[in-house]
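The structure under discussion appears below in the form of structure tokens.
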Amino acid sequence: MVPSVTYGVFKYLIFVLLSKSLLVGCKKDEYTPIMGKWKTNEMGNWPDMQPIKDVGYREYLSDSILREYNYNSKTFFFKKYWIDSLLHEGVKAENGSLIITRFTYKFYGEKLRLDFYNTTATL
């Protein structure tokens with residue numbers, strides 16, 4: 001018969017080995033500075049910017065989902081986003097095509113400036 005102390009140590013070692021394999025197998029989510037909620041404060045042709053009324057926010061989530069909320073209609077609108085040298089925002093049209101709007105982006109402290117780059121549609 002195996003002593004209870006040895007059995008307890010054996011259970012502990014199994015737990016530690018399983019925990020280590022789970023920790024090694026998990027990949028930490030990558031963080032990008034754009035993630036979080038953003039409100040549009042100004043619009044225009046840089047540097048001629050005009051203040052605008054706050055009508056909602058855009059929230060870039062860690063799973064590449066862009067959630068836009070409108071205060072007036074109290075509704076959400078969802079898009080996909082991805083970043084390389086540009087910020088790409090994609091939305092499916094009623095006909096099934098993917099409409100992608102691209103922006104250049106630059107951070108100024110806690111502010112983000114988006115400049116329209118182009119829009120394309122793919123089937």
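The values are calculated or read from the model by the stated rules, or taken from the named source; none is laboratory data. As the structure is a prediction and not an experimental result, all values here were calculated from the model. Positions of Cβ are backbone-derived with ideal geometry, glycine not excepted, and every protein chain shown enters the neighbour counts. Each accessible area value is taken on the protein alone, full model and side chains, heavy atoms only, with ligands, DNA and RNA left out. Shrake-Rupley method; radii C 1.70, N 1.55, O 1.52, S 1.80 Å.
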So, in the range 79-100, how many residues would count as being open to solvent by 40 Å² or more (accessible area, probe 1.4 Å), outside any loop (DSSP other than H, G, I, E, B) and hydroxyl-bearing (Ser, Thr, Tyr)? 0
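Residue by residue through the range 42-73, note down the ones that are polar (S, T, N, Q), under 24 Å from residue 90 (Cβ atoms) and part of a strand (DSSP E or B).
Taking the range 42-73 first, the residues polar (S, T, N, Q) are 45, 50, 62, 64, 70, 72-73.
Subset that is under 24 Å from residue 90 (Cβ atoms): 62, 64, 70, 73.
Result: 70, single match.
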What number goes with the only condition from (1) at pLDDT below 90; (2) more than 22 Å from the chain's Cα centre (by Cα) that residue 27 does not pass? (2)
Which one is surrounded by the fewest Cβ atoms within 10 Å (Cβ to Cβ), of the residues in the range 40-62 that are at pLDDT 95 or above and among the charged types (D, E, K, R)? 59
Sort through 103, 76 and tell me the only one that's in a strand (DSSP E or B), within 23 Å of residue 45 (Cβ to Cβ) and either open to solvent by less than 90 Å² (accessible area, probe 1.4 Å) or not charged (D, E, K, R) (or both). 103
Since residue 7 meets every condition but one in (1) at pLDDT below 95; (2) of a type in the set (Ser, Thr, Tyr); (3) open to solvent by less than 100 Å² (accessible area, probe 1.4 Å), which condition does it not meet? (3)
